[in-house]
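The structure appears right after this line, and notes come after that.
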Amino acid sequence: MKKDIILAGVGGQGILSVAAILSNAAMLEGLWVKQAETHGMSQRGGAVVAHLRLADHEVCADLIHHGQADILLGLEPMEALRQLPFLHTYGVLISNMEPYLNLPNYPPVEELWTEIKRLPRHILVDGGVITHQLCNPKALNMIMLGALSDYIPLQADSLKTGICELFRTKGEQLVQQNLEAFDAGRAFVAKQPAV
Amino acid sequence: MKRHLFLGNEAVAQAAIDAGISGAYAYPGTPSTEIMEYIQHSPTAEERAVHRQWSANEKTAYETALGMSYAGRRALVCMKQVGLNVAADAFINSAITGVNGGLVLAVADDPGMHSSQNEQDSRYYGRFAMIPVLEPSNQQEAYDMCYTAFKLSEQLQLPVMLRLTTRLSHSRAAVSLRQSVHPHELHLPQNLKQFLLLPIFARKNYVGLLEKQHRMEALSEQSSYNFQEAGVHRHLGIVCCGLGWNYFREVFVGREIPWPRVKIGQYPLPRNLLEKLEAECDELLVIEEGYPMVEEQLRGFFAAGKPVHGKLDGWLPRYGELTSDQVGRALQITYPAPYPVPEVVVPRPPSFCRGCGHVDAFEALQEVVAGYGAGHIFSDIGCYALAALPPYQGIYSCVDMGASITMAKGAADAGFFPAVAFIGDSTFTHSGMTGLLDAVNEHTNMVVVISDNQCVAMTGGQQPAGLGKLEAICEGLGVDPAHIRVFTPLHKNQEDMIRIYQEEIEYDGLSVVIPRRECLQKATRRRRQEKQKQAKN
Ligand SMILES: Cc1ncc(C[n+]2csc(CCOP(=O)(O)OP(=O)(O)O)c2C)c(N)n1
């Protein structure tokens, strides 16, 4: 068994937190893990990507081979599409629909959605609406983690433990808010047809 | 046993602590920064009072680490690849002095130039200095190699280089730790002339360094980081260095690897091991991250022998980061074409944070300088280098730290007017001060803008060496206090800023303008920490 996951987004969207929770949970569940991150200059509002590789055997390379990712998780639709060459033809793309606008020439978002809908297996998550319902604009990354959770070989409980660990120092309220966001992401995907 | 999910950099840091360092010395630089940051936050380092403050630049970092080694204690020094250019004088000479307490240099290269001006390969520096180089291929090796490097350093009485690259530095995997040993007691070198590189002593030391080369090679032959694995297809032999080993094995996941192969993790190269591989195979392929260093060396080893393939003959690309795709293609494996990136996708380069003080300082300057035409602003390495991108496109040089001041001076020397340097506070104290002294001594007609955001922002907001000292430094170097102008870069001060820039450009002499406003990221982080502290109390 192996799961190669690409996480794509914009610097500041919280990709590293998602990656940290996933890889910690995987390690605790006894899997081999490698997780390549983007640090440095691109974190200044630029495109960021993390490669996360889980397997029940040794993981060699830190980077995923093109066309081999089982899942591509986008915190933002254009960033999801930027990493498309990594996705396996039968891989699943799960992306937030809402664009992250810090560019003068951002393309019409409908065109991005059209591209995503061309893929045989995709889930578009209405991250904007869910964050609004939760009154928590900062929880997008945990919503997307929740959306991903049914497509990976990790227990939802391990991920929740990871959320608690990560936010523990920041107070009980924040822990609860992030757990709620995680559940909201899970609930959203549960209502969609399986892909 | 408890395992830790460490970045390569964190593994190096923890290993250095566990090996009993008394000090870590560094100047920040992606992809090396997290090594020092980890040590700064380590409770063990705190308990043992390990030195772990940032240095003013890589040269001061290296020399201070060498001084700690002189005093008999173990020291780690960390930097990015271009930092080693700055520290090169100290580094090369430290191979001639040798060490007393173990001295390990962790240097992180950046193939693909994710956050750097070039892709230089530090292994060449290691060879140039004639010291051992260790090149890990995974996080556990990064830990193990760093841990043992201190012993190796003391055994050979030489500094040891640990060569990292971005992908290992910034990738996580599980790491198991070894026993943590306590720092050494102070003890002077046995030979008190060891660190005296006057020619009469240096000649002797240099001969000593040459004599150590055989021992270094012998250690490489025995090293568990260098080994051969058998394969049935003898027409090609593979030599993998560092991360190249992972990419090569990735190509064959779940299958048997058909070719005999050697993995290299310790230099100088184990000649016998490689000659054995050459004897078995018809041709060789070298898979290494960075420049084709081993490939070149092997061509030399087997002068009359078998063909060596790699980056020099195009089997692998000469530039950029290595990937398993490239390695697979070099081995004639064809892959189905992956999905292309849809055409609607546009680039998203890094950008200034909204409300950044550099922007206000720069926009006002650009407005003034526009009156003189294009090409007047020499800039430097820091967040403000983003002024090279739209919508500003208003700086014309960004070469190496400190070069804005000296290049502006050279242009002014050539008769160019106005010559303006735009530099950050940390870059100024890293390498700008000496250039400013040259300008003071020659009354150069130029304006130096030191955009002071009170931190090293680009690399994550570290404490800058010149905090609160910039005016005093400039005055001390001899800049006329009447032409040291300080203001707060805020849009509402636009008129004042423009007037000040205008006056100083028109002044026939040297001026320093200091726009000062704390980096927004840093301010947010500081407030959050203060709040957390309050909540605790
Ligand atoms: C010799 C060298 N060391 C380190 C770096 C990494 N580096 C790039 S920008 C930068 C920060 C410069 O700080 P400052 O000039 O104050 O600008 P800021 O990022 O705060 O705007 C550093 C350390 C480098 N490029 N070259």
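The values are calculated or read from the model by the stated rules, or taken from the named source; none is laboratory data. These numbers come from a predicted model, not from an experiment. Cβ coordinates were reconstructed from backbone atoms using ideal geometry, including for glycine residues, and neighbour counts include every protein chain displayed. Areas reflect the complete protein model, heavy atoms only, side chains present, ligands, DNA and RNA absent. Shrake-Rupley method; radii C 1.70, N 1.55, O 1.52, S 1.80 Å.
For chain A, the equivalent ellipsoid derived from the Cα gyration tensor has semi-axes of 22, 21, 17 Å, listed largest first.
Largest first, the residues B:TRP315, A:TRP113, B:TRP259 sort by 1.4 Å accessible area into B:TRP315, A:TRP113, B:TRP259. Exposure check, 1.4 Å probe, all protein chains in place: B:CYS78 carries approximately 0 Å² of accessible surface. Taking a cut-off of 21 Å between Cα atoms, list the lysines near A:LYS138, but don't count ones fewer than 8 places away on the same chain. Correct list for A:LYS138: A:LYS160, A:LYS170, B:LYS522, B:LYS531.
Applying a threshold of 20 Å to the alpha-carbon distances of B:LYS59/B:LYS80; B:LYS469/B:LYS492; B:LYS263/B:LYS311; B:LYS80/B:LYS311; A:LYS34/B:LYS2; B:LYS212/B:LYS263 flags B:LYS469/B:LYS492; B:LYS80/B:LYS311; B:LYS212/B:LYS263 as lying beyond it. If R₀ is 51 angstrom, what is the calculated FRET efficiency for the pair B:LEU188 and B:GLU296, using the beta carbon separation as r and rounding to 0.05? The formula returns an efficiency of 0.80 here. Note on B:LYS276: aspartates and glutamates with a C-alpha under 20 Å away, same-chain residues under 8 apart excluded, are B:GLU217, B:GLU221, B:GLU229, B:GLU288, B:GLU295, B:GLU296. Global dimensions of segment B:36-106 from alpha-carbon coordinates: Rg and Dmax equal 12.1, 35 Å. Straight-line cross-link reach from B:LYS536 at under 14 Å between alpha-carbon atoms covers these aspartates and glutamates, not counting any fewer than eight positions away in the same chain: A:GLU172. Sorted largest first by accessible area at a 1.4 angstrom probe radius, with every protein chain in place, the residues A:MET144, B:MET407 fall in the order B:MET407, A:MET144.
Close amide H pairs (under 5 Å, H built 1.01 Å from N) link A:VAL92 with A:ILE71, A:LEU72, residues at least 5 positions away or on another chain. With all protein chains kept in place, the per residue accessible area of segment A:2-190 amounts to 38 square angstrom at a probe of 1.4 angstrom. Please give the FRET efficiency for B:ASP313 paired with A:CYS164, using the beta carbon to beta carbon distance and R0 = 60 Å, rounded to the nearest 0.05. Given R0 = 60 Å and the Cβ-Cβ separation, E is 0.65. For segment B:120-221, with all protein chains in place and a probe radius of 1.4 Å, 58% of the accessible heavy-atom surface sits on carbon or sulfur.
Taking Cα atoms only, the orientation of helix B:357-370 departs from the longest principal axis of chain B by about 60 degrees.
Look at the alpha carbon pairs under 8 Å that are at least 6 residues apart: their mean separation over the length of segment B:357-522 gives a relative contact order of 26 percent. Spatial offset of segment A:151-175 relative to segment B:128-202 amounts to 38 Å, using the alpha carbon center of each.
Shown for segment A:71-100: residues covered by the partner protein chains by 20 Å² or more of accessible area relative to the chain by itself (probe radius 1.4 Å), namely A:MET78, A:LEU81, A:ARG82, A:LEU84, A:PRO85, A:THR89.
Count the net charge of all other residues whose Cβ sits under 13 Å from the Cβ of B:PHE487, scoring Lys and Arg as +1 and Asp and Glu as -1. In short, -2. Summary value for segment B:227-330: 31 percent relative contact order, contacts being C-alpha pairs under 8 angstrom separated by 6+ residues. Of the beta bridges in segment A:2-190, as assigned by DSSP with both residues counted there, near 50 percent are antiparallel.
Here B:GLU37 sits with roughly 50 square angstrom of accessible surface, probe radius 1.4 Å. Using the Cβ-Cβ distance between A:TYR90 and B:HIS4 with R0 set to 30 Å, the FRET efficiency works out to roughly 0.30.
Summarising the overall dimensions of the protein assembly as shown from its C-alpha atoms, the Rg and Dmax are 26.9, 81 angstrom. For A:VAL10, nonlocal amide neighbours, meaning residues 5 or more places apart or on other chains whose placed amide H falls under 5 Å from its own, are A:VAL48. Measuring heavy-atom accessible area with a 1.4 angstrom probe and counting protein chains only, the residues of segment A:31-60 that give up at least 50 Å² relative to the chain alone are A:GLU37, A:HIS39, A:MET41, A:ARG44, A:CYS60. Overall, the anisotropy analysis places segment B:3-211 in the oblate class: the square-rooted eigenvalues a ≥ b ≥ c of its C-alpha gyration tensor yield a/c not less than 1.5, with a/b not exceeding b/c.
Computed with a 1.4 Å probe over protein heavy atoms only, the accessible surface of segment B:3-211 comes to 34 Å² per residue.
Charge tally for B:ASN205 (other residues, Cβ to Cβ under 11 Å; Lys, Arg +1; Asp, Glu -1): +3. Multiplying the residue separation of B:GLU275 and B:HIS443 by 0.36 nm and subtracting their alpha-carbon distance yields 54.3 nm. Each Cα pair under 8 Å and six or more residues apart adds its separation to the average, and for segment B:92-243 the resulting relative contact order is 31 percent. The listed residues B:LYS276, B:LYS306, B:LYS533 rank as B:LYS533, B:LYS276, B:LYS306 when sorted by accessible area, largest first, using a 1.4 Å probe.
Counted over the protein assembly as shown, the DSSP beta bridges are approximately 30% antiparallel. Given in Å, the Rg to one decimal and the Dmax to the nearest whole number for the Cα atoms of segment B:275-399 are 23.8, 70. Taking both sides together, the accessible area buried where B meets A is about 4200 Å² for a 1.4 Å probe.
Between amide H atoms placed 1.01 Å from N, distances below 5 Å from B:LEU236 occur with B:ASP282, B:GLU283, all of them 5 or more places distant or on a separate chain.
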